[in-house]
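Okay, so here's the structure we're looking at.
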Amino acid sequence: LVGRHFTFKILEHSENGRNILVSNRAILEDEYKKLVEKLKTTIKEKMVVKGTVKSIQDFGAFVDISGVQALLPISEISRSRVDNINKVLNLGQEIDAAIIKLDWDNDRITLSMKALLTDPWDTAAAKYKTGSRHVGEVVRITSFGAFISLEPGLDGLIHISDLEGDSRDSRPETVLKKGQSLTVEI
């Protein structure tokens, strides 16, 4: 930083100018407050915005919207379950997302990419009638059964009592494997 020029705000001036405390951060914070005030007048909940992924964490991603950071929780990325966020999002990636919550008191904006996708449950009753057979993929195995994904965002449960096996006491993981394709009956 030596030799570079910056703009500073004088925070303290004492000893006839022999002791001066300056801050560049104070200027950046003032500029940020102006950005937030401008954004307050232009964005609303349920509005679709463009943003750039700036940081990826286990719980979600921070997205830059016009200079202000917003959170995209991992549960709001897709209709299907996201186990590894890095397989879905990349740093610098531009995304479209809906604003699902604005909390100006705490300077928090929450986004959702999932809100822009159609909800598969809206057509599930017509598409998956009782007694019909469909091919699905085992996505999770629990002690009480297995969840089968029929399409992104639409999972069904095969209870342990409905699994094939030598006995009712068999564990689901001995009968099924994650990622296995399977024909199921609704």
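The values are calculated or read from the model by the stated rules, or taken from the named source; none is laboratory data. What you see is a predicted model, and the numbers here were worked out from it, not measured in a lab. With ideal geometry, Cβ positions are generated from the backbone for all residues, glycine too; neighbour counts draw on all protein chains shown. Note: accessible area is taken over every heavy atom of the protein model, side chains too, but ligands, DNA and RNA are not part of it. Shrake-Rupley method; radii C 1.70, N 1.55, O 1.52, S 1.80 Å.
Out of the range 48-66, which residues are in contact (Cβ under 8 Å) with a residue 40 or more places away in the chain and not charged (D, E, K, R)? I'd like the intermediate steps shown before the answer.
Within the range 48-66, the subset in contact (Cβ under 8 Å) with a residue 40 or more places away in the chain is 48-53, 63, 65.
Of everything in the range 48-66, those that are in contact (Cβ under 8 Å) with a residue 40 or more places away in the chain and not charged (D, E, K, R) turn out to be VAL48, VAL49, GLY51, THR52, VAL53, VAL63, ILE65.
Hey, does the range 39-49 have a residue that's of a type in the set (Lys, Arg) and either in a strand (DSSP E or B) or open to solvent by 80 Å² or more (accessible area, probe 1.4 Å) (or both)?
yes
LEU163 - would you say it is of a type in the set (A, V, I, L, M) and at pLDDT below 90? Give the derivation first.
On the way: of a type in the set (A, V, I, L, M): yes; at pLDDT below 90: yes.
Yes, satisfied.
Just one of (1) of a type in the set (Ser, Thr, Tyr); (2) open to solvent by less than 70 Å² (accessible area, probe 1.4 Å); (3) at pLDDT 90 or above trips up SER170, so point out which.
(3)
Regarding the range 158-166, can at least one residue be identified that is without any contact (Cβ under 8 Å) to a residue 60 or more places away in the chain, under 18 Å from VAL88 (Cβ atoms), open to solvent by less than 70 Å² (accessible area, probe 1.4 Å) and aliphatic (A, V, I, L, M)? Show your work before the answer.
Here is the first cut: in the range 158-166, the residues without any contact (Cβ under 8 Å) to a residue 60 or more places away in the chain are 158-166.
Keeping just the survivors that are under 18 Å from VAL88 (Cβ atoms) gives none.
The answer is no, given that none of the residues of the range 158-166 is without any contact (Cβ under 8 Å) to a residue 60 or more places away in the chain, under 18 Å from VAL88 (Cβ atoms), open to solvent by less than 70 Å² (accessible area, probe 1.4 Å) and aliphatic (A, V, I, L, M).
Is there a residue in the range 56-64 that is β-branched (Val, Ile, Thr), within 30 Å of LEU117 (Cβ to Cβ) and part of a loop (DSSP other than H, G, I, E, B)?
Start the filter on the range 56-64 by keeping residues that are β-branched (Val, Ile, Thr), which leaves 56, 63.
In the following step, the residues that additionally are within 30 Å of LEU117 (Cβ to Cβ) were identified as 56, 63.
Applying the additional criterion that residues be part of a loop (DSSP other than H, G, I, E, B) yields none.
So far as the range 56-64 goes, no, none of its residues is β-branched (Val, Ile, Thr), within 30 Å of LEU117 (Cβ to Cβ) and part of a loop (DSSP other than H, G, I, E, B).
What's the number of the condition PHE59 fails, among (1) more than 21 Å from TRP104 (Cα to Cα); (2) out of contact with any helix residue (DSSP H, G or I) (no Cβ under 7 Å at 6 or more places or on another chain); (3) not polar (S, T, N, Q)?
Every condition holds for PHE59 apart from (2).
Take the residues in the range 80-135 that are part of a loop (DSSP other than H, G, I, E, B), free of Cβ contacts under 8 Å to residues at least 40 places away in the same chain and open to solvent by less than 80 Å² (accessible area, probe 1.4 Å); name whichever of them is nearest to LEU39 (Cα to Cα).
By that ranking, first place goes to LEU89.
How many residues does the range 83-119 contain that are farther than 15 Å from LYS46 by Cα and within 9 Å of the chain's Cα centre (by Cα)?
Result for the range 83-119: 1.
Of the residues VAL139, VAL53, which single one is among the hydrophobic types (A, V, I, L, M, F, W, C), closer than 25 Å to ILE158 by Cα and not in a loop (DSSP other than H, G, I, E, B)?
Numbers: VAL53 fails: closer than 25 Å to ILE158 by Cα.
Exactly one residue qualifies, and that residue is VAL139.
With the requirement that a residue be open to solvent by 100 Å² or more (accessible area, probe 1.4 Å) and in a helix (DSSP H, G or I), what does the range 4-30 give you?
GLU15, ASN16, ARG25
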